[in-house]
Amino acid sequence: MKILIQRVKQAEVKVNDQTVGAISQGILALVGVEREDTIQTTEKLLSKMLRYRIFPDDEDRMNRSLLDIKGELLLVSQFTLVADTRKGTRPGFSKGASPEHGEHIFNELVKQAQQTGLHVQTGRFGADMQVSLINDGPVTFWLEAS
């Protein structure tokens, strides 16, 4: 699993010009699911994402997490994050999960996130989505399971 997190002032995802998810201050997380991902993978990366210290403290240092600030979380599935781009000019997707497995794992991540008590919103799995955001910083990090 690969997750690209962005600290945002606000973010929104639309499908067919209708907003399906929106947040104010928090994290926009673009999520790519790989074939080998399990529920344990989601637990590990969600814990890391929620505790990752990317929000400023009183001295303007990145010392606070999403949990610390009680921020909001927008989870958006993005299959292209798992692409192999090492060779040629066309991405390969052999490491990507099947649509069924990808949706199952993504839904597990959402379910676990919702159990934290934070305000959690999502895009729509497999849909053509338009994502807009105001990246705060900009602050963007790449998280992977180890």
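Seen against the Cα atoms of the chain and their longest principal axis, helix 99-114 is set at about 10 degrees.
Taking every DSSP helix (H) stretch of at least 4 residues in the chain, weighting each as -39,500 (n - 2.57) and dividing the sum by the residue count yields a mean residue ellipticity at 222 nm of -7000 deg cm²/dmol.
Once the Cα atoms are used to define both axes, helix 39-51 deviates from the longest principal axis of the chain by about 30 degrees. Be a star and scan the stretch 90-123 for residues whose amide nitrogen sits under 18 Å from the point 7 Å along the Cα-to-Cβ vector of K70. Within reach of a label on K70: 114-121. For the stretch 40-115, a/c is not less than 1.5, where a ≥ b ≥ c are the root eigenvalues of the C-alpha gyration tensor, and a/b does not top b/c. That puts it in the oblate class. Within the stretch 2-144, DSSP assigns beta bridges of which about 75% are antiparallel (rounded to the nearest 5).
For the chain, what's the relative contact order in percent, using C-alpha pairs closer than 8 Å and at least 6 residues apart? Mind showing how you got there, number by number?
Values: 310 pairs, mean separation 56.7, N = 146.
It rounds to 39 percent for the chain.
Each label point was placed 7 Å from the Cα along the Cα-to-Cβ direction; for E59 and T116 their separation is 2.5 nm.
If I stretch the segment between R90 and T38 completely, what's the gain in nm (0.36 nm per residue apart, minus their alpha carbon distance), one decimal? Numbers along the way, then the final one.
Numbers: separation 52, 0.36 × 52 = 18.72 nm, distance 2.76 nm.
Full extension from R90 to T38 adds 16.0 nm.
FYI, it's all coordinate maths here, none of it is from the lab. This is a predicted model, so every value here is computed, not measured. Backbone-built Cβ (ideal geometry, glycine too); neighbour counts: all protein chains shown.
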